[in-house]
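Below you'll find the structure, written out as structure tokens, and then a few comments.
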Amino acid sequence: MAHSFADAQTQLERQTREIENWWSQPRWKKTKRIYTARDIAARQGSIPIETNNASSLMARKLYALLANHHDRKTVSKTFGALDPVHVTQMAPFLDTVYVSGWQCSSTASTSNEPGPDLADYPMDTVPTKVDHLFKAQRFHDRKQWEERSRCQSQREWNNLGPPIDYLRPIIADADAGHGGITAVFKLTKMFIENGAAGIHMEDQTSTNKKCGHMAGRCVIPVQEHINRLTTVRMCADIMHSDLVLVARTDSEEATLLSSTIDPRDHYFIVGATNPDLQESLSESMDAAILKGHGGKELENLESRWCAKAGLKLFHEAFAEAAQKQKPANSEQLISKFNAQAGPLNGLSLRQMQAIAKKLLGAPIHFDWDLPRVREGLYRYRGGTQSSIMRARAFAPYADLVWMECNSPDYQQAKTFAEGVKAQYPDQWLAYNLSPSFNWNTAMSPMELSSFIDRLGQLGYIWQFITLAGLHTSALAVNTFAKDFSQRGMLSYATTVQQKEIDNNVDIVKHQKWSGAEYIDSLLKLAQGGVSATAAMGVGVTEEQFRENGKL
Ligand SMILES: C[C@](O)(C(=O)O)[C@H](CC(=O)O)C(=O)O
Ligand SMILES: [Mg+2]
């Protein structure tokens with residue numbers, strides 16, 4: 001720590017200049033920051049920041065490979081890895097690794113309590129999985145490095161086959177941030193410390209978070225999510241990480257919104273248009289509960305209340321009022337209204353009412369408080385347009401944007417891409433090739449085989465099957481368990497071991513795969529070159545896999 005004001009100023013100025021220098025690189029040309037380099041320097045602490053920390057190196061690698069895909073209109077495709085086996089087997093073929101919140105929720109919660117993806121697992125769950133996988137990647141990289149450093153010639157090197165890049169950048173699921181701004185900060189810090197190259201964050205409430213393919217989703221106001229994204233970048237800046245940030249919007253199928261504070265959301269909020277309603281939905285429900293009604297009766301009450309309320313978006317309410325009040329020129333009035341108050345225009349309810357009053361002579365009845373659900377949330381009807389609006393709002397704060405959707409619909413993906421690119425022509429896009437969709441009924445085999453490339457042409461440069469790790473493991477184990485129960489060792493020898501050999505799957509020699517030779521090399525080094533206790537010496541069973549004198 002500096003001992004005087006002057007020393008501290010000098011250090012702060014030096015750190016500030018270093019940060020400014022860093023931010024002047026082309027990597028940041030599309031990034032918006034609402035704070036200065038000095039603000040960040042002041043929060044970095046007095047120990048010099050390690051600018052080549054592992055996460056930052058991996059983030060730079062990720063950014064460069066995505067930039068390359070963008071330039072070539074190609075795609076980085078990957079899937080959710082469960083464990084070290086997955087990352088090592090993916091490494092020869094796929095250039096990034098995904099870490100899924102859902103997979104962690106159901107198989108790797110740090111509380112060990114499995115469950116569906118409500119992100120109600122402890123907040124270190126996904127960062128811990130990243131740590132698990134990144135340590136494995138680094139270990140396998142070290143193992144390969146040591147083996148190759150023993151080569152005496154190019155011929156020997158070639159004999160080992162092409163080297164494998166185990167250090168494939170990891171992009172991990174940061175869900176909805178697991179709390180408020182301070183939680184987002186701590187979560188991001190854990191991801192960076194554990195080696196994530198990128199993370200994604202979605203615009204759902206963190207208290208009510210659901211998997212993007214489940215019902216009952218509630219989004220937060222646009223600005224609140226921008227604050228989250230800003231926090232992620234701020235944390236990465238403080239830690240000097242080039243962390244790649246993916247902003248996801250769940251608004252397409254969301255039915256709830258937590259607050260009406262942001263005018264950009266007003267177009268999509270559902271209100272009651274019946275002026276004769278006596279009480280709000282929640283008052284009606286509370287009264288019914290007091291009378292002892294429950295379950296089905298309450299559901300029916302809600303349906304009846306909603307039917308009576310005339311629930312609509314404001315522009316629909318306007319159209320209805322125009323048709324009723326001015327049938328002769330309603331078409332013209334409606335197009336006038338829509339031209340000013342479109343989904344992407346961000347007009348507030350007050351502004352929309354003013355336009356309505358001007359066109360119809362009086363404001364229209366529209367109340368978004370009465371239909372609020374009992375949890376206090378507002379009713380919301382999103383869609384592709386709300387996703388475009390949000391993606392555009394998030395774009396300056398994130399490297400990629402992603403619209404969570406309910407089916408793999410090429411036309412919808414095209415509309416979204418064009419909508420975003422109309423404002424940000426070079427925007428990078430991400431696509432969730434989710435196993436939650438039924439791919440076999442969604443499209444023909446021809447369409448399936450070209451789906452990723454066609455999306456790639458639209459700008460979706462990072463695409464991932466979120467839960468393929470889970471599904472492929474389940475299928476492999478189920479298939480083997482069944483066959484093994486019937487055919488015993490014949491099953492193992494022929495359907496596993498021989499297949500591993502035929503396909504050059506390195507794990508067939510799991511002693512070597514696990515790093516026994518590498519560990520022996522440490523043992524020998526520590527003992528002056530020999531070790532009687534080396535694990536891979538005479539007597540090791542892996543000798544049984546020797547072929548042409550080679551292991
Ligand atoms: C991507 C996702 O957030 C995940 O946790 O893997 C899930 C999974 C899925 O259903 O594909 C989601 O989309 O919400
Ligand atoms: Mg998730």
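Tabulated values for the structure
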item: Search result, residues across segment 418-438 that are surrounded by 14 or more Cβ atoms within 10 Å (Cβ to Cβ) and either among the basic types (Lys, Arg) or within 16 Å of ligand 1 (Cβ to nearest atom) (or both); result: 421, 429, 430, 431, 432, 433, 434, 435, 436, 437
item: Condition check for residue 277: surrounded by 18 or more Cβ atoms within 10 Å (Cβ to Cβ), more than 14 Å from ligand 1 (Cβ to nearest atom), in the same structural domain as residue 386 (by TED's automatic domain parsing) and not β-branched (Val, Ile, Thr); result: no
item: Pairs with Cβ under 6 Å, 6+ apart, first in segment 508-534 and among the charged types (D, E, K, R), second surrounded by 12 or more Cβ atoms within 10 Å (Cβ to Cβ) and modelled with pLDDT under 90; result: 509/542; 509/545; 517/536; 520/534; 520/535; 520/536; 524/531
item: Condition broken by residue 462, with the remaining ones in (1) under 30 Å from residue 107 (Cβ atoms); (2) in contact with a Pro (Cβ under 9 Å, 6 or more places away or on another chain) satisfied; result: (2)
item: Candidate set: segment 81-102, residues that are within 15 Å of ligand 2 (Cβ to nearest atom) and over 28 Å from residue 511 (Cβ atoms); chosen: the one surrounded by the fewest Cβ atoms within 10 Å (Cβ to Cβ); result: 102
item: Residue that is within 16 Å of ligand 1 (Cβ to nearest atom), over 26 Å from residue 95 (Cα atoms) and among the hydroxyl-bearing types (Ser, Thr, Tyr), where the choices are 153, 206; result: 206
item: Lone unmet requirement of (1) more than 20 Å from residue 170 (Cα to Cα); (2) within 16 Å of ligand 1 (Cβ to nearest atom); (3) crowded, with 20+ Cβ neighbours inside 10 Å for residue 248; result: (1)
item: Hits in segment 192-217 - residues which are more than 15 Å from ligand 2 (Cβ to nearest atom) and not in a loop (DSSP other than H, G, I, E, B); result: 192, 193
item: Hey, residue 279 assigned to a loop (DSSP other than H, G, I, E, B) and of a type outside the set (Val, Ile, Thr) or not; result: yes
item: Hits in segment 15-30 - residues which are outside any loop (DSSP other than H, G, I, E, B) and surrounded by 12 or more Cβ atoms within 10 Å (Cβ to Cβ); result: 15, 16, 17, 18, 19, 20, 22, 23, 27, 28
item: Residue satisfying condition, being in contact with a strand residue (DSSP E or B) (Cβ under 7 Å, 6 or more places away or on another chain) and not hydrophobic (A, V, I, L, M, F, W, C), within set 120, 83, 95; result: 95
item: Residue match in segment 408-417 (condition: of a type outside the set (Lys, Arg), in contact (Cβ under 8 Å) with a residue 60 or more places away in the chain and surrounded by fewer than 21 Cβ atoms within 10 Å (Cβ to Cβ)); result: no
item: Condition met for residue 221 (more than 16 Å from ligand 1 (Cβ to nearest atom) and assigned by TED's automatic domain parsing to the domain that holds residue 399); result: yes
item: Count - residues of segment 88-114 that are free of Cβ contacts under 8 Å to residues at least 60 places away in the same chain and either under 17 Å from the mean Cα position of the chain (by Cα) or on the phi < 0 side of the Ramachandran plot (or both); result: 8
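Each row is one residue, and each column tells you yes or no for (1) over 23 Å from residue 183 (Cβ atoms); (2) at pLDDT 95 or above.
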| site | (1), (2) |
| --- | --- |
| 37 | yes, yes |
| 41 | yes, yes |
| 58 | yes, yes |
| 67 | yes, yes |
| 109 | no, yes |
| 120 | no, no |
| 129 | no, yes |
| 136 | yes, yes |
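The values are calculated or read from the model by the stated rules, or taken from the named source; none is laboratory data. The structure presented is a predicted model; accordingly, all values stated were derived computationally and were not measured. Every residue, glycine as well, gets a Cβ built from its backbone with ideal geometry; the counts of neighbours run over all protein chains shown.
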